[in-house]
1. Over the range 118-187, what is the relative contact order in whole percent, taking alpha-carbon pairs under 8 Å and six or more residues apart?
2. Find, among the GluC sites (Glu not before Pro) in the range 13-64, those assigned to loop by DSSP (not H, G, I, E, B) with at most 10 other beta-carbon atoms within 10 angstrom.
3. Toward the positive end of the charge dipole of the range 69-187, about the Cα centre and with charges on Cβ (Lys, Arg +1; Asp, Glu -1), which of Gln119, Phe176, Thr95 goes farthest?
4. Mean Kyte-Doolittle hydropathy of -1.0 or higher plus an axial Cα length of 27 Å or more: which whole DSSP H helices in the chain meet both?
5. Which whole-number percent is the relative contact order of the chain (Cα, under 8 Å, 6+ apart)?
6. Are any of the pairs Lys3/Lys61; Lys3/Lys41; Lys61/Lys114; Lys3/Lys66; Lys2/Lys185; Lys118/Lys182 more than 19 Å apart by Cα-Cα distance, and if so, which?
7. Return the percentage of antiparallel bridges among DSSP beta bridges fully within the range 44-187, rounded to the nearest 5 %.
8. Val143 versus Lys61, label points 7 Å from Cα toward the beta carbon: distance in nm?
Amino acid sequence: MKKRVAVFASGSGSNFEQLVNQSRQQDLGFEICALVCNRKKAKVFERSERLGIESTYIGLKNFETKSEYEQEIIRYLKSKDIDLVVLAGYMVIITPVLINEYTILNIHPSLLPKHPGKQGIIDSYNSKDKEMGITIHQVDEGVDTGPIIAQYSFDRTGITLEKAEVRVHELEHENFAKDISKFIKNN
Ligand code: GRF
């Protein structure tokens, strides 16, 4: 049986689209069954509609506490029989309420533990690091601190920020689906 995956996103959703397409084109052991987004006007909703993936808006600002917000998310995930949560550009810090219910994977645009937080690409670019890259990891209670599943890097010598951003996204799109698949097979 394929694992039922929900993707959480807040913005553009290019990784979401790759996950949907790649899991449809190959048997990766999972299918994307739902999109959860915390921003009403996020571009990712255009993608979910075009791709025919059920989506829901659940906004943190509509709840008194983050715990109530995450409990609402959990109710939604349970109603869709979700087995695994994947964060792809989800800009909200997850708390133990959700972590204790679901295994959660994240993609981050730096070579963790270097440059956690919201500006992974710019912080990496502005550092003296010779390599830039991406990390796929399991989510724990910290910000971008959970166990690392895979990392991919490139030599950033002499390249512009724009080129570095393109390379980061290429690495994300090439690897995320495959590594989710491996994680599912090994766990
Ligand atoms: C990616 O760079 C990801 O690493 C980070 O947020 C970005 C999301 O991009 N967490 P997109 O919305 O998938 O295009």
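Each value in this text was obtained by applying a stated rule to the coordinates, not by laboratory testing. Because the structure is a prediction, the values reported are computed rather than measured. Reconstructed Cβ throughout: ideal geometry from the backbone, glycine too, with neighbour counts over all protein chains shown.
1. It comes to 31 percent, rounded to a whole number.
2. Values: sites: Glu17, Glu31, Glu46, Glu49, Glu54, Glu64; in loops: Glu54, Glu64.
Hits after loop and neighbour filter: Glu64.
3. Of the listed residues, the answer is Phe176.
4. On the way: long enough: 161-186 (36 Å, -0.81).
Those that pass (Cα extent of 27 Å or more, hydropathy at least -1.0) are 161-186.
5. Details: 329 pairs, mean separation 38.3, N = 187.
Reported as a whole number, the value is 20 percent.
6. Values: Lys3/Lys61 31 Å; Lys3/Lys41 28 Å; Lys61/Lys114 30 Å; Lys3/Lys66 27 Å; Lys2/Lys185 11 Å; Lys118/Lys182 26 Å.
Result: Lys3/Lys61; Lys3/Lys41; Lys61/Lys114; Lys3/Lys66; Lys118/Lys182 exceed 19 Å.
7. Values: 11 of 15 bridges.
Counting DSSP beta bridges with both partners in the range 44-187, the antiparallel share is about 75 percent.
8. Between Val143 and Lys61, the label points sit 2.0 nm apart.
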